[in-house]
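Heads up: the structure comes next, in structure tokens.
The values are calculated or read from the model by the stated rules, or taken from the named source; none is laboratory data. As the structure is a prediction and not an experimental result, all values here were calculated from the model. Heads up, the Cβs are rebuilt from the backbone with ideal geometry, glycines too, and the neighbour counts pull from every protein chain shown. Ligands, DNA and RNA are excluded from the accessible area calculation, which covers all protein heavy atoms including side chains. Shrake-Rupley method; radii C 1.70, N 1.55, O 1.52, S 1.80 Å.
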Amino acid sequence: MVFKQAKWDEPLIYELGCEGRIGFLVPEVEEDIRREVGEIQIPDKIRRENPPELPELSEVEVVRHFIRLSQMTYGVDNGPIPLGSCTMKYNPKISESIASDPRITLLHPLQDEDTVQGLLEIMYLLQKWLANIVGMDVCTLHPAAGAHSELAGVLIIRKYHELKGQLNRKKEIIVPDSAHGTNPASAAMAGFRVVTVRSAPDGNIDIEAVKAVVSDRTAGLMLTNPNTLGLFEENIVELAEIIHEVDGLLYYDGANLNGIMGYTRPGDMGFDIAHINIHKTFGSPHGGGGPGAGPLCVKERIVDPERNIKLSDLLPGPIVKYDNVRKKYYLKKPGKYSIGWLKSFFANTIPLIKAFIYIACLGPQGLKEVTEQAVINTNYFIKKLKDTKGYSLPYDPERYRKHEVVFSAKPMTQDVGVTAEDVCKGLLDAGFYAPTMYFPLIVQEALMIEFTDTETKENIDKYAERMKEIAKIAYENPEEAKKWPRNTVVTRVDLVKANHPKTVTPSWRVLKLRKEGKIK
Ligand SMILES: *Cc1c(COP(=O)(O)O)cnc(C)c1O
């Protein structure tokens, strides 16, 4: 077995360096600038007594610190990260280099619109392209992530019913049991009652179960397609009719858009509102909660003909528009029917620029090929692993999956007590990254695997081989499986402890207070 991570005993950056050591000198303000700008008065209420506690290091110490940390970690530039649902695509370097151009990174959100016409043009085109890709009419780039956009989407559903004077009865949102946890959470945050509907044995939402719960209390339905099992919801058109019949709206969770992009569009399936996880589908880096962007698109439905309110009037945040007379791009602020602002300023522009470059480089045909390759990769992997003792493929193993697949380690767990978690540790031990595990909740001992389009056949082969080897070891020597991983910087951790607020130290300040015994 090969050890693939550097094992540095790396201290925190605050524990490095010493008082007075510096790595960078801030240049003196030149006299003529000082004269022009004058002395800047910092208001008393935000002035600190003591200087902030910053680490004091030389440049070389900083460089070494971060290089060493990078050698201890694992990212998509090291090897595959087949995290199902999260979609960890390779991040094309051209997007990285253009997005880090100082003409972009040095822009300030309070700059005059006249000075950021280029950026606004990018955003304007992106709004159009994204709306086109999902088959919707109007798009805002404002929300910062998928979950953020979901909340915006259900708030739009709420506003829709409110403006139609029917919010007093429209109190329920239908969500399948295969849904991502953020779906019911968003619906509940927006004040709806969540009605969960089970999946049928073929892995699709059970249409009879939907019919049984639909009523004039139904405000809408949230769905991802392909669903979290990687299966295409084949009854979507009928489903849309059922929901529309009671004047409910259909919300598309775009996390799995990369399983259908270029082939079909949520708008054509009957969805009214759709979010896009920029950081998943369009290959910008993410992890640990960011950075991302979650554009939200809607169909141009009439909400109230008398007041001329359309669904797009409800969208949050500013939208980039083009003024044909002045020949200028500008930000149209949310109007009186909008659900308002979700965050300060326009949007998370850097991941959006990366998405723009991704789409521009690939073009319509390229986007289609990305989808195609992702689907081929999944089904190739399934073919390799499917009949391995220890794993099963719940929900109609004969159906083709789209961009991801959910295997189960339940047979292994039942036979010899080796769990999905142990399988993941066995993958880490061999220098791979583990898949998403224990999600979706409807599959026990779930291993949710998504290679994405860029993974090579050789790596998919190796991954499948390792999973087979793990199963073999599990049956021959289950104790061994409980000791994985040995070949990583951090070996097996106590999962409960690792998640406990008393163990996780969110900041240096807290760590110091803890060390000084001032807090527990
Ligand atoms: C990732 C994901 C979300 C949430 O998106 P974020 O951008 O992480 O907030 C919602 N639904 C599904 C199916 C997802 O995979």
Practice task
Taking Gly283 as the residue in question, decide whether it is in contact (Cβ under 8 Å) with a residue 40 or more places away in the chain, in contact with a strand residue (DSSP E or B) (Cβ under 9 Å, 6 or more places away or on another chain), among the small types (Gly, Ala, Ser) and part of a loop (DSSP other than H, G, I, E, B).
Solution key: no
Exercise for the section: Identify all residues within the stretch 193-216 that are under 14 Å from Ile243 (Cβ atoms) and within 25 Å of the chain's Cα centre (by Cα); write none if there are none. Expected result: Val195, Val197, Ile205
Exercise for the section: List every residue pair whose Cβ atoms lie under 6 Å apart, where the two residues are 6 or more positions apart in sequence or sit on different chains, the first residue falls within the stretch 331-358 and is in contact (Cβ under 8 Å) with a residue 40 or more places away in the chain, and the second residue, located anywhere, is of a type in the set (S, T, N, Q) and surrounded by 15 or more Cβ atoms within 10 Å (Cβ to Cβ). Expected result: Pro351/Ser284; Lys354/Ser95; Lys354/Ser284; Ile357/Ser95; Tyr358/Ser95
Practice task
From (1) under 27 Å from Asp272 (Cα atoms); (2) open to solvent by less than 50 Å² (accessible area, probe 1.4 Å); (3) part of a helix (DSSP H, G or I), pick out the condition that doesn't hold for Thr87.
Solution key: (3)
Problem - Restricting the stretch 147-179 to residues that are open to solvent by 40 Å² or more (accessible area, probe 1.4 Å), farther than 22 Å from Gly230 by Cβ and assigned to a helix (DSSP H, G or I), the residue that is nearest to the ligand (Cβ to nearest atom) - result: His148
Problem - Residue that is farther than 30 Å from Leu107 by Cα, among the charged types (D, E, K, R) and under 25 Å from the mean Cα position of the chain (by Cα), where the choices are Glu398, Glu404 - result: Glu404
Problem - First in the stretch 359-384 and closer than 21 Å to Ile122 by Cβ, second anywhere and of a type in the set (Val, Ile, Thr) and open to solvent by 70 Å² or more (accessible area, probe 1.4 Å), Cβ under 7 Å, 6 or more apart - result: Cys361/Ile94
Handout entry: Lone qualifier among Pro291, Pro351, Pro364, Pro316 - being open to solvent by 20 Å² or more (accessible area, probe 1.4 Å) and within 16 Å of the ligand (Cβ to nearest atom)
Key = Pro291
Handout entry: Residue check for Pro394: touching a Ser or Thr at 6+ places or on another chain (Cβ under 7 Å), surrounded by 15 or more Cβ atoms within 10 Å (Cβ to Cβ) and in a helix (DSSP H, G or I)
Key = no
Problem - From the options Ile104, Ile42, Ile46, Ile22, residue that is in contact (Cβ under 8 Å) with a residue 60 or more places away in the chain and either under 28 Å from Ser344 (Cβ atoms) or open to solvent by 90 Å² or more (accessible area, probe 1.4 Å) (or both) - result: Ile104
Handout entry: Residue among Ala471, Ala446, Ala464 that is of a type in the set (A, V, I, L, M) and in contact with a strand residue (DSSP E or B) (Cβ under 6 Å, 6 or more places away or on another chain)
Key = Ala446
Problem - Restricting the stretch 180-199 to residues that are surrounded by fewer than 16 Cβ atoms within 10 Å (Cβ to Cβ) and not in a helix (DSSP H, G or I), the residue that is nearest to the ligand (Cβ to nearest atom) - result: Gly181
Practice task
Assess whether Asp429 counts as being buried (at least 19 other Cβ atoms within 10 Å of the Cβ) and within 25 Å of Tyr90 (Cα to Cα).
Solution key: yes
Handout entry: Per-region count, the stretch 225-259, residues surrounded by 24 or more Cβ atoms within 10 Å (Cβ to Cβ), part of a loop (DSSP other than H, G, I, E, B) and not acidic (Asp, Glu)
Key = 7
Exercise for the section: Consider Gly431 carefully, then state whether it is out of contact with any Pro (no Cβ under 8 Å at 6 or more places or on another chain), in a loop (DSSP other than H, G, I, E, B) and in contact (Cβ under 8 Å) with a residue 12 or more places away in the chain. Expected result: yes
Problem - Qualifying residue in the stretch 113-132 (condition: modelled with pLDDT under 95, β-branched (Val, Ile, Thr) and not assigned by TED's automatic domain parsing to the domain that holds Gly181) - result: no
Problem - Residue satisfying condition, being under 29 Å from Gln111 (Cα atoms) and open to solvent by 50 Å² or more (accessible area, probe 1.4 Å), within set Lys310, Lys328 - result: Lys328
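Results for (1) under 16 Å from Val423 (Cβ atoms); (2) acidic (Asp, Glu); (3) touching a strand residue (DSSP E or B) at 6+ places or on another chain (Cβ under 9 Å); (4) in contact (Cβ under 8 Å) with a residue 24 or more places away in the chain, shown as yes or no for each residue.
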| position | (1), (2), (3), (4) |
| --- | --- |
| Lys483 | yes, no, no, no |
| Arg486 | yes, no, no, yes |
| Lys515 | no, no, no, no |
| Lys520 | no, no, no, no |
Fill in the blank from the handout: Checked the stretch 463-511 for anything open to solvent by less than 40 Å² (accessible area, probe 1.4 Å), outside any helix (DSSP H, G or I) and of a type outside the set (A, V, I, L, M); matches are Trp484, Pro485, Thr488
Fill in the blank from the handout: Within the stretch 103-146, residues part of a helix (DSSP H, G or I) and within 16 Å of the ligand (Cβ to nearest atom) come out as Leu130, Val134, Gly146
Exercise for the section: Take the stretch 256-288 and flag every residue that is in contact with a Gly (Cβ under 7 Å, 6 or more places away or on another chain) and either under 15 Å from Pro143 (Cα atoms) or more than 16 Å from the ligand (Cβ to nearest atom) (or both). Expected result: Arg265, Gly267, Asp268, Ile273, Ala274, His275, Ile276, Asn277, Ile278, His279
